[in-house]
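One structure is given below, encoded as structure tokens.
The values are calculated or read from the model by the stated rules, or taken from the named source; none is laboratory data. Because the structure is a prediction, the values reported are computed rather than measured. Don't worry about glycine lacking a Cβ; one is built from the backbone with ideal geometry, like all the others, and counts go over all protein chains shown.
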Amino acid sequence: MFLIDAHNDTAYRMYFEKQPLDTNNLQIDLQKQKSFRTLLLFAIFMDPEKLQEFSTPLDYFSAIYENFSKELRKNSQILQFTRSSKDFLLSNTNQAMLTLEGGSLIDSLELVDYLLEKQFKVITLTWNDSNRLATSAASGDSGGLSSFGCEVLRKMNDSKMVADLSHASDKTFWDVLQKTTRPVLVSHSNSRALCNHPRNITDDMFRALMENKGVLGINFYPPFLGEEASLETIFSHMEHFLMLGGENHVGFGSDFDGVDCLPYGITDFSSYEAILSEMKRRGYSQSLMEKIFYKNMMRVLE
Ligand SMILES: [Zn+2]
């Protein structure tokens with residue numbers, strides 16, 4: 001089976017914990033992906049705390065980026081870098097795509113050019129902190145997308161970059177959906193109807209996402225799934241979105257290596273085998289499994 005996972009923080013952990021990509025004790029390495037042909041979105045996560053240890057945000061960014069690039073080169077026979085999902089099905093290696101998690105790096109439009117040069121495909125507009133581009137879900141700030149954020153979004157649209165609205169405040173979400181000319185990504189969030197957390201999205205937001213032809217990746221982090229989170233709860237969120245008509249708009253964004261705990265039944269990336277088995281047990285059609293495992297994400301990441 002092909003598999004696209006829209007969010008992990010493995011590059012960040014690899015750098016700070018000096019772990020390699022091929023085999024490590026994190027939740028994602030190349031060995032743990034063996035059962036699938038994967039396209040993974042590796043985030044360069046702008047962690048406000050760790051940023052303090054560097055003289056500029058760009059120095060911090062470069063350190064993680066360079067370390068990850070080096071690991072990619074080392075493993076190029078198994079994993080190759082890509083900026084589009086277009087050739088995913090034809091590729092004979094796994095693929096890695098780059099995302100910037102947290103627009104706090106972006107202080108000018110030139111910075112977007114810089115990310116384009118480095119072949120970044122996705123920008124998660126905010127992390128938990130609000131920034132120059134937009135307000136975040138965790139901050140409680142009400143401003144939404146700023147006028148600078150609007151310019152950045154226009155530039156991203158023009159250059160086929162994808163805006164990721166996980167971590168965005170509701171106001172930012174609605175502002176972006178109104179302004180974007182391209183489908184958006186909600187890379188690692190769940191349903192607020194099932195788990196009332198500001199990091200999750202409401203049914204109305206999901207309906208708007210469907211209209212936008214966008215896609216949401218189900219997040220495996222227990223606080224966003226609900227009490228006693230398990231494999232079962234992952235399915236509850238997925239099936240809630242399916243019930244809303246989301247067959248073409250749901251995928252996965254595990255958040256592996258960005259979380260300190262996991263649901264019962266999920267241990268690391270190899271647990272996707274259990275998810276696939278459970279889909280089969282529940283009688284999902286082949287076409288629905290393919291949509292959720294990769295086709296829906298492929299469309300938005302083209
Ligand atoms: Zn995140």
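Residues that are away from the ligand (no atom under 16 Å from the Cβ) and either under 15 Å from G102 (Cβ atoms) or assigned to a helix (DSSP H, G or I) (or both): does the stretch 184-197 have at least one? No, there is no match, as no residue in the stretch 184-197 is away from the ligand (no atom under 16 Å from the Cβ) and either under 15 Å from G102 (Cβ atoms) or assigned to a helix (DSSP H, G or I) (or both). Across the stretch 117-149, the qualifying residues are those that are of a type in the set (G, A, S) and more than 16 Å from the ligand (Cβ to nearest atom), and the one among them that is surrounded by the fewest Cβ atoms within 10 Å (Cβ to Cβ) is S147.
Going through K86, K70 one at a time, which residue ends up being of a type in the set (K, R) and farther than 28 Å from K295 by Cα? Testing whether each residue is of a type in the set (K, R) and farther than 28 Å from K295 by Cα leaves just K70. Of all residues in the stretch 244-287, those being under 13 Å from L3 (Cα atoms) and surrounded by 16 or more Cβ atoms within 10 Å (Cβ to Cβ) number 11. Give S159, S189 a once-over and let me know the one that is of a type in the set (S, T, Y), at pLDDT 95 or above and within 17 Å of A43 (Cβ to Cβ). After applying the criteria, what remains is S189.
Would you call Q33 touching a residue at least 12 places away in the same chain (Cβ under 8 Å) and within 16 Å of the ligand (Cβ to nearest atom)?
Numbers: touching a residue at least 12 places away in the same chain (Cβ under 8 Å): yes; within 16 Å of the ligand (Cβ to nearest atom): no.
Answer is no for this residue.
Selection within the stretch 117-133: residues that are of a type in the set (A, V, I, L, M, F, W, C) and under 18 Å from the mean Cα position of the chain (by Cα). The member of this set that is nearest to T172 (Cα to Cα) is L125. Among residues of the stretch 141-169 that are touching a residue at least 24 places away in the same chain (Cβ under 8 Å), those with a beta-carbon under 7 Å from a residue that is among the hydroxyl-bearing types (S, T, Y) and more than 16 Å from the ligand (Cβ to nearest atom) at least six positions away or on a different chain give the pairs L153/T180; N157/T180; N157/T181; A163/T180. Report yes if R37 is of a type in the set (K, R) and within 25 Å of V215 (Cα to Cα), otherwise no. Taking the combined requirement at face value, the residue satisfies it.
Exactly one residue among F88, F42 is within 16 Å of the ligand (Cβ to nearest atom), of a type in the set (F, W, Y) and within 29 Å of A168 (Cα to Cα), and that residue is F42.
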